[in-house]
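Down below is the structure, laid out as structure tokens.
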Amino acid sequence: MPKLKTHKATKKRIRISKPTKLRKKKAKLIQRTAGQDHFNSRETGKITKRKRRDHQISKSNIRSIKKLVPYR
């Protein structure tokens, strides 16, 4: 069986958190918040703060992302 190719753009945009041993939690897929390059002066302070944080990817997208990045 041939090797699966990794989708490089997805690999650069998503990172996988480390699972914790104490609480036996699974690793999470995390990505940066979209829309923080420019035009941020018109946003309220609450939204600007929220954009600084990373966000967890929704459960519905996890399966498709794991196919794109098979060896992570």
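Listed values, structure above:
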read-out	value
Restricting region 45-72 to residues that are modelled with pLDDT of 90 or more and in a loop (DSSP other than H, G, I, E, B), the residue that is surrounded by the most Cβ atoms within 10 Å (Cβ to Cβ)	VAL69
Close pairs (9 angstrom Cβ cut-off, 6 or more residues apart or separate chains): in contact (Cβ under 8 Å) with a residue 60 or more places away in the chain in region 5-28, exposed (fewer than 13 other Cβ atoms within 10 Å of the Cβ) anywhere	THR6/PRO70; THR6/TYR71; HIS7/LYS67
Meets criteria (out of contact with any strand residue (DSSP E or B) (no Cβ under 8 Å at 6 or more places or on another chain) and loosely packed, with under 11 Cβ neighbours inside 10 Å) for ARG42	yes
Any chance LYS12 is under 17 Å from the mean Cα position of the chain (by Cα), loosely packed, with under 10 Cβ neighbours inside 10 Å, modelled with pLDDT of 90 or more and within 23 Å of LYS66 (Cβ to Cβ)	yes
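The values are calculated or read from the model by the stated rules, or taken from the named source; none is laboratory data. Here the structure is a predicted model, which means the values were calculated and not measured. Neighbour counts are summed over all protein chains in view; Cβ atoms, including those assigned to glycine, are modelled from backbone coordinates with ideal geometry.
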